[in-house]
Amino acid sequence: MNPESLTEPLDGPAGPSQALAYDVLPKAASSNHPDPETPDEIYVGGIWRRGTGHVIESIDPATGLCFATLHGAVVEDVHQAVQAGIEAVHRSGWARRLPHERASVLYRISDAIVANADKIAELQTLDTGKTLSETRALALSAAGTFRYTAAALETLEEALTPSRGNYLSVSTYEPVGVVGAITPWNSPIASDAQKVAPALAAGNAVVIKPPVWAPWVSLLLARICDDAGLPPGLLSVLPGPGRTVGETLARHPQVGKISFTGGTSTGRTLGRVAAEKIMPITLELGGKSPTIVFPDADLDQAVAGILYGIFSSSGQSCIAGSRVFIQRSIFEEVVGRLVEGARNLRVGPGTDPATQVGPMITHAHRDSVAAMVDTARRDGATVLCGGGPPEDPDLEAGAYYLPTILSGVQNSAAICQEEIFGPVAVVLPFDDESSLVREANDTVFGLACGIWTSDYRRAWRTAKAIQAGTVWVNTYKQFSISTPFSGTKESGLGIEKGREGIRSYMRQKSIYLDLSGNPLGWAGRQTVVEQP
């Protein structure tokens with residue numbers, strides 16, 4: 001299963017002819033029959049081996065069939081991976097390599113991801129139910145993350161700070177050592193890259209704890225990194241339960257930082273662990289993002305953007321625009337257009353090129369979303385469209401849920417305050433800008449926001465007033481790896497992406513070099529003894 005390793009020198013990225021190719025897809029990817037070829041192996045400190053933990057069953061959400069099994073990691077694997085990472089950093093001299101030398105490996109990883117984008121997409125669609133167009137875009141996003149990070153690393157500067165005396169003062173950066181990366185199931189390859197690329201660029205070793213529901217793409221990424229020339233031991237991938245693998249990783253005394261993307265309750269637990277260790281942590285957590293339509297908006301643009309913002313990825317996105325605030329004068333018109341658009345969205349398997357809304361990650365998660373909608377209905381909400389699984393018998397075995405729009409509730413209702421993580425939007429009227437801002441900010445979350453208006457002054461004013469880490473104006477879900485991403489309130493802590501994303505995996509150190517050659521006056525004059 002392992003292709004030959006690349007032998008390109010450290011000081012240049014691989015060209016297209018050196019791209020790697022992998023054949024690790026289960027036969028189920030094309031036949032929908034559970035006959036796995038995926039190896040039952042985890043990656044511990046540079047070594048592929050069968051895990052000794054509980055068996056992880058990977059279920060195709062579109063069919064409900066198990067397509068592969070994997071023996072997960074245990075606590076001892078975490079200890080071995082961390083120790084291997086420490087040894088690899090010292091043995092390989094990774095942190096001491098010049099920036100362009102580390103960057104050359106990241107370039108090769110990027111090239112290999114591009115070369116295997118279609119297979120990565122197929123595997124991720126099989127594992128998560130996402131559409132192939134989305135999973136291929138995620139693969140290319142991951143490649144772009146490694147490429148940008150490599151370029152940023154080559155140009156990352158340390159600072160010569162203004163001195164206040166006869167000395168030279170320099171601000172330098174050093175790696176934290178071993179980083180624990182705990183990644184989500186809704187965008188595995190992209191989330192992996194956003195943690196692994198900057199952590200490696202900073203000179204660290206990384207231990208990934210991928211989601212139990214979708215571990216396969218993280219393991220494939222490890223093979224790509226291995227064969228792209230990443231020194232063995234700098235990366236480990238340990239699928240397993242968060243309560244054992246994830247918590248052990250976070251509490252390990254030699255793990256210097258945790259980067260976590262996931263639910264707010266788990267983020268709180270990890271935050272407490274980080275506080276006890278006095279360890280830096282990055283948390284990218286939940287959201288209940290508002291999207292706002294003013295009367296002067298281009299309604300075609302707004303309706304298309306709102307539908308994409310909530311129903312793409314089947315609503316399984318932390319930045320989903322799940323609270324739709326519409327000024328009262330255009331409320332009925334916009335709601336009617338949204339309902340019509342939602343009903344026309346194509347629901348089906350991610351392998352169908354025509355599909356817009358695929359299945360949810362698991363049947364259990366689909367049922368939890370349905371339960372929240374049912375509770376809202378009992379509490380007085382009106383279901384304008386959706387509100388259940390599709391009636392198509394061809395989709396009966398899958399974890400599908402129709403795009404759903406609710407109305408008739410206040411912003412204080414549970415359905416407007418709790419993250420659903422599914423294809424469910426609530427429409428809410430507002431009367432004026434001040435009441436809109438007040439309601440939009442009336443949530444424990446602060447991750448993202450969308451604003452639809454042709455008035456740039458209003459757009460700027462509202463964007464500044466909304467408490468969110470990212471605000472889009474007349475667009476939604478547009479990202480750049482060069483632009484920092486963060487949340488406020490219970491949506492997170494710290495940043496990812498951008499040049500500062502690399503710095504977040506480093507410690508800052510100040511160095512002072514005396515230029516005077518004189519002893520410090522406080523100690524008094526010192527006698528200089530001449531040597532014979």
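The values are calculated or read from the model by the stated rules, or taken from the named source; none is laboratory data. What you see is a predicted model; the values in this text were computed from it and never measured. When we count neighbours, we look across all protein chains shown, and the Cβ atoms used for this are built from the backbone with ideal geometry, even at glycine.
At a glance:
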{"item": "Scope the stretch 249-265; condition in contact with a strand residue (DSSP E or B) (Cβ under 9 Å, 6 or more places away or on another chain) and either surrounded by fewer than 18 Cβ atoms within 10 Å (Cβ to Cβ) or within 30 Å of residue 93 (Cα to Cα) (or both); matching residues", "result": "249, 250, 252, 254, 255, 256, 257, 258, 259, 260, 261"}
{"item": "Options 111, 77, 127: the member that is in contact with an Asp or Glu (Cβ under 9 Å, 6 or more places away or on another chain), crowded, with 22+ Cβ neighbours inside 10 Å and not β-branched (Val, Ile, Thr)", "result": "127"}
{"item": "Any helices (runs of 4 or more DSSP H) falling wholly within the stretch 427-532 and containing at least 3 residues that are touching a Pro at 6+ places or on another chain (Cβ under 6 Å)", "result": "498-503"}
{"item": "Selection count where residues are outside any loop (DSSP other than H, G, I, E, B) and in contact with a helix residue (DSSP H, G or I) (Cβ under 8 Å, 6 or more places away or on another chain), scope the stretch 391-426", "result": "9"}
{"item": "Single condition residue 381 does not satisfy, out of (1) among the hydrophobic types (A, V, I, L, M, F, W, C); (2) within 30 Å of the chain's Cα centre (by Cα); (3) farther than 21 Å from residue 313 by Cβ", "result": "(2)"}
{"item": "Test: residue in the stretch 191-209 that is over 24 Å from residue 95 (Cβ atoms), of a type in the set (Val, Ile, Thr), in contact with a Leu (Cβ under 8 Å, 6 or more places away or on another chain) and at pLDDT 95 or above", "result": "no"}
{"item": "Residue count, the stretch 253-302 (criterion: of a type in the set (Val, Ile, Thr), more than 21 Å from residue 83 (Cβ to Cβ) and under 16 Å from the mean Cα position of the chain (by Cα))", "result": "5"}
{"item": "Subset of the stretch 429-461 [more than 30 Å from residue 190 (Cα to Cα), crowded, with 21+ Cβ neighbours inside 10 Å and out of contact with any helix residue (DSSP H, G or I) (no Cβ under 6 Å at 6 or more places or on another chain)]", "result": "436"}
{"item": "Total residues in the stretch 349-406, condition surrounded by fewer than 18 Cβ atoms within 10 Å (Cβ to Cβ) and of a type in the set (Lys, Arg)", "result": "2"}
{"item": "Subset of the stretch 382-432 [more than 20 Å from residue 360 (Cβ to Cβ), of a type outside the set (A, V, I, L, M, F, W, C) and in contact (Cβ under 8 Å) with a residue 40 or more places away in the chain]", "result": "407, 411, 417, 429, 431"}
{"item": "Residue that is farthest from residue 481 (Cα to Cα), among those in the stretch 144-174 that are in contact with a helix residue (DSSP H, G or I) (Cβ under 6 Å, 6 or more places away or on another chain) and free of Cβ contacts under 8 Å to residues at least 60 places away in the same chain", "result": "154"}
{"item": "Which numbered condition residue 208 misses (of (1) free of Cβ contacts under 8 Å to residues at least 60 places away in the same chain; (2) part of a helix (DSSP H, G or I); (3) of a type outside the set (Phe, Trp, Tyr); (4) crowded, with 24+ Cβ neighbours inside 10 Å)", "result": "(2)"}
{"item": "Residue satisfying condition, being modelled with pLDDT of 95 or more and either assigned by TED's automatic domain parsing to the domain that holds residue 358 or not β-branched (Val, Ile, Thr) (or both), within set 28, 62, 14, 21", "result": "62"}
{"item": "Pairs where the first residue, in the stretch 62-76, is farther than 19 Å from residue 219 by Cβ and the second is in a strand (DSSP E or B), C-beta under 8 Å, 6+ apart", "result": "65/59"}
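This table checks each residue for (1) assigned by TED's automatic domain parsing to the domain that holds residue 157; (2) in contact with a Gly (Cβ under 9 Å, 6 or more places away or on another chain); (3) surrounded by 10 or more Cβ atoms within 10 Å (Cβ to Cβ); (4) modelled with pLDDT of 95 or more.
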residue: 486; (1), (2), (3), (4): no, yes, yes, yes
residue: 497; (1), (2), (3), (4): yes, no, yes, yes
residue: 501; (1), (2), (3), (4): yes, no, yes, yes
residue: 504; (1), (2), (3), (4): yes, yes, yes, yes
residue: 518; (1), (2), (3), (4): no, no, yes, no
residue: 522; (1), (2), (3), (4): no, no, no, no
residue: 527; (1), (2), (3), (4): no, no, no, no
residue: 532; (1), (2), (3), (4): no, no, no, no
